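Everything below concerns the one structure shown next.
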Amino acid sequence: MTRRRICLGAVLPMAGVALGLGLGCARSGTAVGPVVAPGPQGVPQVGQVAATAAGGSLQGGELPVVALAEIGFLVSDLKAAQAFYGDFLGFRQVGFSPMRRLVFEVAPGQTIEVIRGDPDIDGRLDHVSFHVRDARQIEAALVAAGHNGTLLVVDGGRTAVGLRDPDGHRIQFIESEAARTVLSSRRNVPDPGGIATHMAHFGFLVGRLDRALDFYQRTLGFVEFWRGSSGGSHLDWVNLQIPGGPDYVELMLYEELPPPDERGTKNHVCLFTPDVERAVAVLAERPNRGSYWREIAVKVGRNRKRQVNLYDHDGNRIELMEPDTVDGVPAPSSKAPPPRDFHGNPQRVPNPSRDGTRRAEPGGSPRD
Ligand SMILES: [Fe+2]
């Protein structure tokens, strides 16, 4: 088992907000980090852990995963990324390193980082990060469950743990002051001229549902609340809510791994907005609207929510979605089986959504 502890200084803090904890530096030379955002003080309400299976799982006490923190995309051109994320989507730039990366704030405590890099790496997905209340508790659960490659970083008063999940995605759990305010500082409507209130979910490719559930659900305490299927023959999406808040991850299932140039549409980030049509109207007024050549089409997804997909110049997908269904009626969870595995064999995964139940969340509901 590989397990390392290192101490690093902050990496290129900008304007006192962007804080690189250096997980990426230790692995690949990539500086990454969340925004330590100002905001109203107050500890978010964090749920109590549900009973989970033994063997390294989190049990008892407060669950430490609070909210989504950051998604990192690889891009080919930082100027084009600035034009898309900054000028077109309207996100404030809060961090950078020359010729290497830019960080944009979507909401207090939530950022999108773009890093110049190889497009073939994990479908342009560099990393996803979560705010946690106790990184060492996360580390202990991961190590006890036998997940290899756990890396603990201590930087002043901040601690983070990183590793790759069963599908090879780089995952980080970051403990900082931002975890205390990220939920309480959330808005119900976007700022004037803004298009979204916050990041609601990360979506990433998953080849084996059972392994992903073992990692996110059994070990880390995420809770499944919805399954979706585009054609009805097999599952395409499984949504897992983080244990201490309303944010969630969307497992993007596949039978055959898409080619690299299509993975960027599968790996994505979803931003909630209360009115997609209004957000589209805001985008239409941007001075550089003419430089965005793709169609902007509002549609209703299988989850019965209005949404629109936007893509950066490298095809990384930003999903803008309303938090509620079009008629207030929840979309039923699919009972289709998971897609066949790499060897063409059926995946045997229990279906906890079969009875349509979902838990009430003290930290809020994903409202799916
Ligand atoms: Fe999504």
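Once you list every other residue whose beta carbon is under 12 Å from the beta carbon of Phe88, what net charge do they have if Lys and Arg are +1 and Asp and Glu are -1? Combined, the nearby Lys, Arg, Asp and Glu give 0. Amide H contacts of Thr325 (H built 1.01 Å from N, in plane; Pro and chain starts excluded): no residue 5 or more places away or on another chain comes under 5 Å.
Modelled this way, with points 7 Å down the Cα-to-C-beta line, the labels at Ser291 and Glu255 are 4.1 nm from one another.
Compute the Rg/Rh shape ratio of the range 100-179: radius of gyration over Kirkwood radius, all on alpha-carbon atoms. Walk me through the numbers on the way to the answer.
Working: Rg = 13.5 Å, Rh = 13.7 Å.
Taking Rh as the inverse mean 1/r over Cα pairs, Rg/Rh reads 0.98.
Computed over the range 155-314, the P(r) curve from all C-alpha pair distances, binned at 10 Å from the origin, holds 9, 32, 35, 22, 3, 0 percent per bin.
For the peptides 240-249, 331-340, 316-325, 187-196, the ranking by mean Cβ contacts within 10 Å, running from highest to lowest, is 240-249, 316-325, 331-340, 187-196.
Every number here is computed from the coordinates shown, using simple stated rules; none is lab data. Because the structure is a prediction, the values reported are computed rather than measured. Quick reminder, even Gly has a Cβ in these numbers, built from the backbone with ideal geometry, and neighbours come from all protein chains shown.
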